[in-house]
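Chemist: What follows is a single structure, and I will ask about it in a moment.
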Amino acid sequence: MKKHNFSAGPSVLAKEVIENTSKAVLDLNGIGLSVMEISHRGKDFQAVMDETIALFKELLNIPEGYQVLFLGGGASMQFCMIPFNLLNKKAAYLETGAWAKKAIKEAKFFGDVDLVASSSDKNFSYIPKNYSIPADADYFHITTNNTIYGTEIHEDIDSPVPLVADMSSDIFARPIDVSKYAMIYGGAQKNLGPAGATFIIVREDILGKVERQIPTMLNYQTHIEQGSMFNTPPCLPIYTCMETLRWLKKIGGVKKMQEMNKEKAELLYNEIDRNSLFNGTADLDSRSLMNICFVMNEEYKELEPEFLSFATSKGMVGLKGHRSVGGFRASTYNALPKESVKALVEAMQEFENKHKK
Ligand SMILES: *Cc1c(COP(=O)(O)O)cnc(C)c1O
């Protein structure tokens, strides 16, 4: 029986995405070859790449002037590629968690970092507000969803300088106004596909402005000119991303997905707030729709391992919280069925009935 997969990443994929991918692994469109054993430059894979990019543009309503790339290296490679390509003197960063900190660390190799605000004072349990973005920064970098701490920026913010966003864990979770961003990037393995592919949406006019020389593989312009095929792209992960995007389109696109995500998150947050054993860790207005972090109240703290094994016995996996927050984290990505959230809520209620003092 399929488990309830609350894993933070790599994470749950839609059933039909896995089924269709496994078919293509055996035989792609009846051509007598696996998607894993064909040239990335042949017409069969080119069709996969073209459709993936076309669906990306369609589903996110990406305006003219932007390129969509698929590279290797993960979101972590982007932490360094972004300043390499964009940072001349100074960049502004919003420090909202562990991933933002890693991005900041890399930017410092290339220039000054203006830390406009940080929520490190309260273990990243909220999204800072009322900060000002310096108008002389080369760009402003944000992490829209903080996978580890369960906080999320729910709106597209206005920035006086090019806005760069790590959307690894909430891409395609809601409609976004791409025109407000100069660049959006992320690893595929949270909301889009398996590990191995990194997506990048970049507005071309921000490139070519730094004075330093950029090694070929780390230069966005190389990959734009070569249609993400300067070297061999991660073919199979890209294929799976395409299947996810087909599935997303069939369901009704990002607007429908946002409604479904809200329903799922509400169901679980309501139970966290109601249940006398549990507490949410993120501030109410910063709560993520993708990663829902909660702990057991002090009074019941010692029961945390027991709840984890109770949930495991009911077919739930991936619920252990990140060590920097503790407790539990339920990742409720696009592909997680509502039934899985209902199962978790029922387990929490059952556990409360058994243990409430
Ligand atoms: C998982 C994650 C990353 C790291 O992605 P890799 O592809 O493993 O490098 C970066 N940022 C966020 C927000 C993430 O959730």
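The values are calculated or read from the model by the stated rules, or taken from the named source; none is laboratory data. Here the structure is a predicted model, which means the values were calculated and not measured. Quick reminder, even Gly has a Cβ in these numbers, built from the backbone with ideal geometry, and neighbours come from all protein chains shown. Heavy atoms of the whole protein, side chains included, go into the accessibility calculation; ligands, DNA and RNA do not. Shrake-Rupley method; radii C 1.70, N 1.55, O 1.52, S 1.80 Å.
Chemist: Kindly identify segment 170-264 as rounded, prolate or oblate by the Cα gyration tensor criterion: order the square roots of the eigenvalues as a ≥ b ≥ c, call it rounded if a/c is under 1.5, otherwise compare a/b with b/c, prolate if a/b is larger, else oblate.
Modeler: oblate
Chemist: I'd like the carbon and sulfur percentage of the solvent accessible area for the chain, probe radius 1.4 Å, heavy atoms only, ligands and nucleic acids excluded.
Modeler: 50
Chemist: Right, another one. Where the only charges are on Cβ atoms (+1 Lys, Arg; -1 Asp, Glu), what is the dipole of segment 204-298 about its Cα centre, to the nearest 20 debye? Mind dumping the intermediate values first?
Modeler: Working: 11 positive and 13 negative charges, 84 e Å.
Computed charge dipole of segment 204-298: roughly 400 debye.
Chemist: So, counting K/R as plus one and D/E as minus one, what does the shell of residues with Cβ under 12 Å around Asp136 add up to? Display every interim value, and only then the final one.
Modeler: Details: positive: Lys89, Lys90; negative: Asp112, Asp114, Asp138.
Combined, the nearby Lys, Arg, Asp and Glu give -1.
Chemist: ³J(HN,Hα) across segment 315-325 via Karplus (A = 6.51, B = -1.76, C = 1.60, θ = phi - 60°), whole Hz, x for Gly/Pro?
Modeler: These are the phi-based 3J(HN,Hα) values: x, 9, 10, x, 8, 5, x, 5, 4, 7, 10 Hz.
Chemist: Return the long-range amide H neighbours of Gly327 (sequence gap of 5 or more, or a different chain), with a cut-off of under 5 Å between placed amide H atoms.
Modeler: Those lying under 5 Å, H to H, from Gly327 are Gly321.
Chemist: Related question: Calculate for the chain the 222 nm mean residue ellipticity that helices alone would give, adding -39,500 (n - 2.57) per DSSP H run of length 4 or more and normalising by residue count, nearest 500 deg cm²/dmol. Kindly include the intermediate steps, with their values, before the conclusion.
Modeler: Details: 9 runs with 126 residues, N = 357.
Computed mean residue ellipticity for the chain: -11500 deg cm²/dmol.
Chemist: While we're looking at this one, here's another question. With every protein chain present, what accessible area does Glu259 have (1.4 Å probe, heavy atoms only), rounded to the nearest 10 Å²?
Modeler: Approximately 90 Å² for this residue.
Chemist: Then there is this: With the dipole of segment 253-355 worked out from charges on the C-beta (+1 for Lys and Arg, -1 for Asp and Glu) around the Cα centre, which of Ala282, Val341, Val325 lies farthest toward the positive end?
Modeler: Going by the charge dipole, the pick is Val341.
Chemist: Of all chymotrypsin sites (Phe, Trp or Tyr not before Pro) in segment 303-332, which ones are in loop regions per DSSP and have a Cβ with at most 15 other Cβ atoms within 10 Å? Walk me through the numbers before you get to the answer.
Modeler: Details: sites: Phe307, Phe310, Phe328; in loops: none.
For chymotrypsin sites (Phe, Trp or Tyr not before Pro) across segment 303-332 that sit outside H, G, I, E and B with at most 15 neighbouring Cβ atoms in 10 Å, the list is empty.
Chemist: May I ask what percent, to the nearest 5, of DSSP beta bridges between residues of the chain are antiparallel? Please list the in-between numbers first.
Modeler: Details: 22 of 39 bridges.
Antiparallel bridges make up about 55 percent of those DSSP assigns within the chain.
Chemist: Shape call for the chain from the C-alpha gyration tensor, a ≥ b ≥ c root eigenvalues: rounded (a/c under 1.5), prolate (a/b greater than b/c) or oblate? Each step should come with its number before you reach the end.
Modeler: Details: a/c = 2.18, a/b = 1.24, b/c = 1.76.
Oblate.
Chemist: Which value, in debye to the nearest 20, describes the size of the charge dipole of the chain about its Cα centre when Lys and Arg Cβ atoms bear +1, Asp and Glu Cβ atoms bear -1, and nothing else is charged? Can you show the working numbers first?
Modeler: Working: 40 positive and 44 negative charges, 126 e Å.
Here the chain has a charge dipole of around 600 debye.
Chemist: Which loop GluC sites (Glu not before Pro) in segment 23-112, with loop taken from DSSP, have no more than 11 other Cβ atoms within 10 angstrom of their Cβ? Intermediate results must be reported in sequence, preceding the final value.
Modeler: Details: sites: Glu37, Glu51, Glu58, Glu64, Glu95, Glu106; in loops: Glu64.
Sparse-neighbourhood loop GluC sites (Glu not before Pro): Glu64.
Chemist: What whole-number value in Å² describes the accessible area per residue of segment 253-355 for a 1.4 Å probe? Can you show the working numbers first?
Modeler: Working: 4530 Å² over 103 residues.
On a per-residue basis, segment 253-355 sits at 44 Å².
Chemist: So, one more: Which aspartates and glutamates, on any chain, are close to Lys301 with Cα under 18 Å apart, when same-chain ones fewer than 8 places away are left out?
Modeler: Of all the aspartates and glutamates, those that pass the test against Lys301 - Cα under 18 Å, at least 8 places apart if same chain - are Glu271, Asp273, Glu350, Glu352.
Chemist: Show me, for segment 188-195, the HN-Hα J-couplings you get by feeding each phi into the Karplus relation (A = 6.51, B = -1.76, C = 1.60, θ = phi - 60°), rounded to Hz, glycine and proline as x.
Modeler: For segment 188-195, the Karplus curve yields 6, 6, 9, 10, 10, x, x, 5 Hz.
Chemist: Can I ask one more? Cα centroid distance between segment 139-218 and segment 95-117, in Å?
Modeler: 14
Chemist: For His4, list long-range residues whose amide hydrogen, built 1.01 Å from N in the peptide plane, is under 5 Å from its own amide hydrogen.
Modeler: Correct list: Met316, Val317.
Chemist: Something else now. Specify the inter-centroid distance of segment 3-27 and segment 265-343, based on alpha-carbon positions, in whole Å.
Modeler: With segment 3-27 and segment 265-343 each reduced to a Cα centre, they are spaced 23 Å.
Chemist: OK, next. Local charge sum around Glu16 (other residues, Cβ-Cβ under 15 Å, Lys/Arg +1, Asp/Glu -1)? Please report the intermediate quantities before stating the final value.
Modeler: Working: positive: Lys2, Lys15, Lys23, Arg246, Lys249, Lys250; negative: Glu19, Glu243.
It works out to a net charge of +4.
Chemist: With θ set to phi - 60° and the Karplus curve 6.51 cos²θ - 1.76 cosθ + 1.60, what are the ³J(HN,Hα) couplings of segment 147-154 in order, to the nearest whole Hz, using x for Gly and Pro?
Modeler: Working through the residues one at a time gives 3, 7, 9, x, 10, 8, 8, 8 Hz.
Chemist: I would also like to ask the following. Among Glu346, Glu225, Glu243, which one shows the biggest mean-square fluctuation in a GNM of the chain, springs joining Cα atoms closer than 10 Å?
Modeler: Glu225
Chemist: Using 1/(1 + (r/R0)^6) with R0 = 45 angstrom and r between the beta carbons of Lys338 and Asp121, what's the FRET efficiency to the nearest 0.05?
Modeler: Numbers: r = 36 Å, r/R0 = 0.79.
In this case the efficiency is close to 0.80.
Chemist: Please state the charge dipole magnitude for segment 97-136, taken about the Cα centre, from unit charges on C-beta atoms (+1 on K and R, -1 on D and E), reported in debye and rounded to the nearest 20.
Modeler: On the way: 6 positive and 5 negative charges, 51 e Å.
That gives a dipole near 240 debye.
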